[in-house]
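Working notes, structure below.
What follows draws every value from the coordinates through simple rules; no lab data is involved. This is a predicted model, so every value here is computed, not measured. Ideal geometry is used to build each Cβ from the backbone, glycine not excepted, and the neighbour counts take in all protein chains shown.
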Amino acid sequence: MSDWDPGQYLKFESGRNKPIRDLIGHVDLPSPSRIIDIGCGPGNSTAFLAKRWPGAEIIGLDSSAAMLEAARKRLPGLQWMEKDAAGDLSGLGTFDLVFSNAALQWMPKHEKLIPGLFTLLNPGGVLAVQMPQNQDSPLHRALLQKNGDIRAQQYNNAGFYYDILSRLTGNLELWITEYQHVLDCHGDVIEWFKGTGFRPYLEKLDARAVIWNCPLFAYCISPQPVV
């Protein structure tokens, strides 16, 4: 698959930023020292993190060189790292906030990935994650009907993630928010998805004029050490 296109992705930045703002609003950390943004893309999510916690050390991590180039231009004062978050991240140390918006669905084996991210937390730290759950939208149903053998993203229901996270912590929140992005025409639907989930199907699309984007959010806190 070709590299990501930051310009295409950011054509609808305002709509893509809504889940980011909502997830950050749920994070109850007054002054985290270290933050990592997993799958930071062109830095739009990282910009919100830097605005909320300007005193924190923030690392933006992504596997796309093109996305990171755009992120560096946008926020030259932050740290950016090209790395596959599905691999071993233990060498990066630990963080007060491990944040990820609309990225983990591109990575396999969530039953191992999520606990691995949890180990990056300091005691009392927060893992805050958003993943789209729009596989039942008209557009995604059409994509899967025509191209059922192409499954570039991993989708699981809330119960799947509860089972994983509840074994790691008792301080856990899971919720689903439905976002309606009303666009002007079929062409805008195509343009939106060309920046993300449409990439594996680029020439095979049966679209509708309204996107149904229903992300699954997860928010959990690493247990404090027993004294």
- Between R72 and L172, 0.36 nm times their residue separation minus their Cα-Cα distance comes to what? 32.7 nm
- Tell me, S100, S45 in order of fewest to most beta-carbon neighbours within 10 Å? S100, S45
- Query: What FRET efficiency, computed as 1/(1 + (r/R0)^6) with R0 = 41 Å and r the Cβ-Cβ distance, is obtained for E57 and N157, rounded to the nearest 0.05?
  - Reply: 0.75
